[in-house]
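Notes for the one structure printed next.
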Amino acid sequence: MKLLLTGARIIDPAQNIDSRMDLFLENGKITKVGANLSKAIKSKDSDKTIKIIELAGMIAVPGLIDMHTHLREPGFEYKETIASGAAAAVAGGFTSIACMPNSNPINDNRSITEFIRRKATEASLANIYPIGAISRNSDGSQLTEFWDLKEAGIVALSDDGKPLMDAALMRRAMEYAFSLQLPIISHCEDTNLSGNGLMNEGYYSTILGLRGIPSVAEEAMVARDILIAEFTKTSVHIAHVSTAGSVRLIRDAKKRGLKVTAETAPHYFTLTDESLQSYDTNFKVNPPLRNERDVAAIKEGLVDGTIDVIACDHAPHGRTDKEVEFEYAANGISGLETSLSLSLNLIRCKILNWPELIAKMSVNPARILNLPKGTLEAGADADITVIDPQLKWNVDVQGFRSRGKNSPFNGRQMQGRAIFTIVGGEIKYALPSLKL
Ligand SMILES: [Zn+2]
């Protein structure tokens, strides 16, 4: 299949490109990028197999990459399957996703990694990169077989969902993973400090009478992991940064030249703990929504590059997980289908410009995970997201491809979204109203 995309504004931060150009895709690769390709290609190649898509007013970017997705298969297929998660990914504009290991069983051995990759191939939608567990069963006591997992196809290691409380084990994990060029993704939470807290500790937890999780529960662990990475001369990636103190610690570490990278999720720059007044369990996430000062700091961290990546932390759940008392409700937001639109608000509010935002959602996660993705240069895989920046739409969770309908953004009006998503040169998602 050959595709010619004409007239879009092409934004490729990896090549410093931001201009109106055409893209020609053949056999799953981008073969030509340039102005006015259509005449040359049409006259030279008179066969009728070329599909031409006119994209005036649209923005074409390297396929978006989400480095923090929870697919629930194996074990929790009622929340999400690999196929439904992949469908949600392409509907949200993501051509590649990396999935956390906290399925049941946990992805702590080769057979689970191979199972995920097989299911991903069957689904044939987004590229799916498994993340392996750091510790067996993610119980924090014994390291998994990093080398074996790497050979089976993992791209990173994490016990996400749970913090690795044993600092000595984290030290060994960082040393061993670094030698294998596998990034460690740390869910930073000191469970002695977070205890059985339910929301951010502060004014609203006090007036709502809900047990608090102090910001220092996250920050103490961010500090610890930065220190271990420094001591061992290795690297660490901090997952879902939510507090001002974490941003400051990571900023200081980067200034000192340490190999620390970080991500946040759209809800941490969009919502505060004030939302919990509704007791709506869709606002219950871990780490919890913080206060306005934290939200402002997250935005500053995005602006100055302290935070490298915007990741979804897509955490789909079933109704029975969320429609219970607040105390018992599961943490998480089904985020793949709203992440891009929420992030586009950063451009409208002049916090980030287009290349900066697209870098945080494509080339930066590709670099951290060592994926050969995140660019539109000739020869690259033809993974492309086409965005209509003006399109207004309303979030309706019943229309989600994800099985997880748990979104606090249900009903919200959005502006801008992916209108089609190309993976390996094939259109894997097109907005139903489009006539292609
Ligand atoms: Zn986590």
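Within the range 230-257, being open to solvent by 60 Å² or more (accessible area, probe 1.4 Å), under 13 Å from G301 (Cβ atoms) and not basic (K, R) holds for one residue alone: D252. Here is the figure for the range 116-127: residues that are basic (K, R) and open to solvent by 70 Å² or more (accessible area, probe 1.4 Å) total 2.
Taking the criterion of being free of Cβ contacts under 8 Å to residues at least 24 places away in the same chain and either outside any loop (DSSP other than H, G, I, E, B) or crowded, with 21+ Cβ neighbours inside 10 Å (or both), the only residue of the range 406-426 that qualifies is Q413. Where helices (runs of 4 or more DSSP H) fall entirely within the range 237-348, those with at least 3 residues that are within 16 Å of the ligand (Cβ to nearest atom) are at 266-270.
Restricting the search to strands (runs of 3 or more DSSP E) fully inside the range 4-78 and requiring at least 1 residues that are among the acidic types (D, E) gives 17-26, 50-54, 64-69. Restricting the range 203-222 to residues that are among the hydrophobic types (A, V, I, L, M, F, W, C) and either more than 15 Å from the ligand (Cβ to nearest atom) or farther than 24 Å from P101 by Cα (or both), which is most open to solvent (accessible area, probe 1.4 Å)? Restricting to residues being among the hydrophobic types (A, V, I, L, M, F, W, C) and either more than 15 Å from the ligand (Cβ to nearest atom) or farther than 24 Å from P101 by Cα (or both), the top hit is I207. Taking R110 as the residue in question, decide whether it is within 16 Å of the ligand (Cβ to nearest atom) and open to solvent by 10 Å² or more (accessible area, probe 1.4 Å). Here the answer is no, as R110 does not meet what is asked. Applying the criterion of being open to solvent by 10 Å² or more (accessible area, probe 1.4 Å) and away from the ligand (no atom under 16 Å from the Cβ) to the residues of the range 80-107, the residue that is nearest to G28 (Cα to Cα) is A87.
The values are calculated or read from the model by the stated rules, or taken from the named source; none is laboratory data. What you see is a predicted model; the values in this text were computed from it and never measured. Quick reminder, even Gly has a Cβ in these numbers, built from the backbone with ideal geometry, and neighbours come from all protein chains shown. Just so you know, the surface numbers come from the protein's heavy atoms only, side chains and all, with ligands and any DNA or RNA stripped out. Shrake-Rupley method; radii C 1.70, N 1.55, O 1.52, S 1.80 Å.
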